[in-house]
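Structure first, commentary second.
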Amino acid sequence: MVVSRRGASAKAPRTNFESPSHSIVIGDCVAEMSKLQAGSVDLVFADPPYNLQLKGDLKRPDESHVDAVNDDWDKFDSFSAYDDFTRAWLLAARRAMKPSATIWVIGSYHNIFRVGAIMQDLGFWLLNDIVWRKSNPMPNFRGRRFTNAHETMIWAARDEKAKGYTFNYEALKAANEDVQARSDWLIPLCTGEERLKGADGKKVHPTQKPEGLLARVLLSSSKPGDLVIDPFNGTGTTGAVAKRLGRSYIGFERDQTYAKAAEARIAAVEPLPEESLAPFMTAREAPRVAFSELIERGMIMPGTKLFDAKKKLGALVRADGAIMFGDKVGSIHRMGAVAQGAQACNGWTFWHVETKKGLKLIDELRAEIRAGMAAE
Ligand SMILES: C[S@@+](CC[C@H](N)C(=O)[O-])C[C@H]1O[C@@H](n2cnc3c(N)ncnc32)[C@H](O)[C@@H]1O
């Protein structure tokens with residue numbers, strides 16, 4: 001399986017986003033997703049009904065009512081009815097996915113194990129399960145079980161042989177103090193200003209997800225300009241975050257009231273500036289530039305002296321693109337190693353040229369060439 005890893009190091013390539021679009025389709029997601037062009041979607045995020053099987057009202061010890069999920073959309077006659085529904089929407093989503101697309105499904109212990117097994121049966125290839133740990137979970141009011149403080153997100157490719165799915169590994173690492181991002185995410189439940197409320201002050205929707213969670217999902221597994229869909233739009237959390245992050249979005253929601261609230265929410269979102277969203281290239285992805293190109297482009301003249309950062313070591317640039325350190329001739333890397341008495345050296349980040357403003361790393365000259373390549 002091939003992963004397209006995008007992330008840190010050199011330069012951001014020129015952005016070229018198609019103008020992203022955002023819409024919500026009102027209706028049944030299975031029927032409506034079937035109308036999408038096959039193989040057109042980059043990322044699916046799905047927050048399906050949990051099938052909580054709540055029996056009656058949930059009350060606190062003081063007999064006050066708990067605002068739990070007790071809506072018709074969460075009711076199924078049996079596990080097998082839930083499984084049939086799960087199979088139907090997963091197949092409709094899969095048909096719409098590009099071969100390189102991935103899918104996220106969030107759920108709790110009530111449904112996620114059934115969903116995961118069905119995904120594997122249908123041929124999805126599981127990549128990770130992410131534990132969303134809630135920093136402010138709802139207590140277990142009856143005190144008969146552990147506090148239910150997490151939900152699970154399954155992240156999967158369309159199939160085992162899927163090539164080139166997006167995983168912004170370097171960017172995630174850079175955002176995590178240069179430590180590989182882990183599969184347990186501590187994020188609070190959606191509360192306060194972010195929670196959509198109606199004119200009566202009550203929550204518009206019982207299971208609105210936090211934008212922070214969706215931001216991490218989209219930033220890790222999609223690119224600006226990608227098409228993201230959510231079969232269970234609810235309040236449009238996925239759409240709001242997609243718009244902010246420069247992704248296109250189609251949400252599906254069968255409840256008109258939720259859909260209207262989501263439309264207003266998404267319309268109010270301002271996309272972030274393009275330059276703050278552009279994915280950056282890994283060193284491996286960046287186009288190769290030979291040192292001789294700096295000479296060919298007149299950025300460094302033969303006979304120029306290269307220096308280390310402290311200007312204690314110097315080498316001479318030759319017309320053929322090699323450099324000379326003392327009586328030794330070789331590449332910028334080899335001569336950098338010789339100059340330091342080291343086994344190896346990255347000459348691009350060792351040698352400098354002298355400018356009116358002081359020493360300039362030759363890697364900066366290479367970055368100028370790469371930026372020009374991206375704009376061509
Ligand atoms: C768990 S909620 C999603 C909440 C959403 N992630 C948010 O942040 O607001 C599931 C939603 O799916 C909708 N839904 C359930 N069955 C559906 C179906 N067959 N087609 C479209 N929407 C459906 C429900 O009305 C509900 O709003």
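In segment 118-132, whose amide N lies under 15 Å from the spot 7 Å out along Cα-to-Cβ of ASP77? List them in ranges.
It comes to no residues whatsoever.
So what is the calculated 222 nm ellipticity per residue for the chain, using -39500 (n - 2.57) for each DSSP H run with n of 4 or more, over all residues, to the nearest 500 deg cm²/dmol?
-8000 deg cm²/dmol
If you put +1 on each Lys and Arg Cβ and -1 on each Asp and Glu Cβ, how big is the dipole of the chain around its Cα centre, in Debye rounded to 20? Spell out each step's value before the answer.
Values: 52 positive and 47 negative charges, 252 e Å.
Value, rounded to 20: 1220 debye.
Expressed as a whole percent, how much of the Cα-Cα distance distribution for segment 224-310 exceeds 19 Å?
Value for segment 224-310 (Cα pairs over 19 Å): 61 percent.
Among bridges DSSP assigns within segment 40-193, what percent are antiparallel (round to 5)?
Here the antiparallel bridges make up roughly 60 percent for segment 40-193.
Please identify every one of the trypsin sites (Lys or Arg not before Pro) in segment 194-293 that sits in a loop by DSSP and has no more than 11 other beta carbons within 10 Å of its own beta carbon.
Passing both the DSSP loop test and the Cβ count: LYS202, ARG284, ARG288.
May I ask you to derive the relative contact order of the chain, considering only C-alpha pairs under 8 Å and at least 6 residues apart, and to give it as an integer percent?
On the way: 704 pairs, mean separation 79.9, N = 376.
Contact order relative to length: 21 percent.
Kindly flag which residue pairs out of LYS134/LYS163; LYS305/LYS357; LYS197/LYS260; LYS134/LYS260; LYS75/LYS134; LYS173/LYS243 have an alpha-carbon separation exceeding 22 Å in this structure.
LYS134/LYS163; LYS134/LYS260; LYS75/LYS134; LYS173/LYS243
How big is the Cα convex hull of segment 234-376 in projection, averaged over all directions, in nm²?
12.9
How far is it, in nm, from the label point at LEU126 to the one at LYS360 when both lie 7 Å from their Cα along the line to the Cβ?
Between LEU126 and LYS360, the label points sit 5.4 nm apart.
Looking at the chain as a GNM with Cα springs under 10 Å, which of PHE76, PHE45, PHE280 has the largest mean-square fluctuation?
PHE76
Which values of log₁₀ I(q)/I(0), to two decimal places, follow from the Debye formula for the chain at q = 0.07 Å⁻¹ with a uniform point scatterer at every Cα?
For the chain at q = 0.07 Å⁻¹, log10 I(q)/I(0) is -0.44.
Compute the long axis of helix 362-375 from its Cα atoms, compare it with the longest principal axis of the Cα atoms of the chain, and write down the angle in degrees, 0 to 90, nearest 10.
Computed tilt is about 50 degrees.
Compare ARG366, ARG94, ARG144 in a GNM of the chain, Cα atoms joined below 10 Å, and give the one with the largest fluctuation.
ARG144
Viscosity 0.692 mPa s, temperature 37 °C: what is the translational diffusion coefficient of segment 304-345 from Stokes-Einstein with a Kirkwood Rh over Cα pairs, rounded to a whole number of µm²/s?
324
Looking only at segment 170-327, where both bridge partners belong to it, what percent of the DSSP beta bridges are antiparallel (to the nearest 5)?
Counting DSSP beta bridges with both partners in segment 170-327, the antiparallel share is about 60 percent.
Only bridges whose two residues both fall in the chain count here: according to DSSP, what percent of them are antiparallel, nearest 5?
On the way: 29 of 53 bridges.
Looking only at bridges with both residues in the chain, the antiparallel portion is about 55 percent.
Between 0 and 90 degrees, rounded to the nearest ten: what's the tilt of helix 112-122 against the longest Cα principal axis of the chain?
Rounded to the nearest ten degrees, it is 70.
Using just the Cα positions, wrap segment 332-376 in a convex hull and report its mean projected area in square nanometres, one decimal place.
Directional mean of the projected Cα hull area for segment 332-376 stands at 3.8 nm².
Against the longest principal axis of the chain, how steep is helix 256-267, in degrees 0 to 90 to the nearest 10, with axes from Cα atoms?
Helix 256-267 sits at roughly 20 degrees to that axis.
What does the accessible area per residue of the chain come to in Å², with a 1.4 Å probe and no ligands, DNA or RNA counted?
Using a 1.4 Å probe on heavy atoms only, each residue of the chain averages 52 Å².
Let me know the volume per residue of the alpha-carbon convex hull for segment 157-250, in Å³. Could you put the intermediate results ahead of the total?
Numbers: hull volume 12.6 nm³, N = 94.
Convex hull volume per residue, Cα atoms: 134 Å³.
Distance between the C-alpha centers of segment 81-153 and segment 160-175? Whole Å please.
If we compute the Cα centre of each part, the gap is 21 Å.
As I understand it, the dipole of the chain uses +1 on the Cβ of Lys and Arg and -1 on the Cβ of Asp and Glu, about the Cα centre. Which of VAL289, PRO206, THR238 lies farthest toward its positive end?
The listed residue farthest towards the positive side: VAL289.
Which of the peptides 153-159, 271-277 is most tightly packed, and how do the rest follow, going by the mean number of other Cβ atoms within 10 Å of each residue?
153-159, 271-277
If you count only protein heavy atoms and use a 1.4 Å probe, how large is the accessible surface of ASP71, to the nearest 10 Å²?
Its heavy atoms expose roughly 40 Å² to the probe.
Could you sort the peptides 121-133, 176-188 by per-residue average Cβ neighbour count (10 Å cutoff), highest mean leading? If you can, show how the numbers build up before the last one.
On the way: 121-133: 16.7, 176-188: 11.5.
By packing density, highest mean first, the sequence is 121-133, 176-188.
The values are calculated or read from the model by the stated rules, or taken from the named source; none is laboratory data. Note that the coordinates shown come from a computational prediction; the quantities given were computed from them, not determined experimentally. Don't worry about glycine lacking a Cβ; one is built from the backbone with ideal geometry, like all the others, and counts go over all protein chains shown. For accessibility, only protein heavy atoms count, side chains too; no ligands or nucleic acids. Shrake-Rupley method; radii C 1.70, N 1.55, O 1.52, S 1.80 Å.
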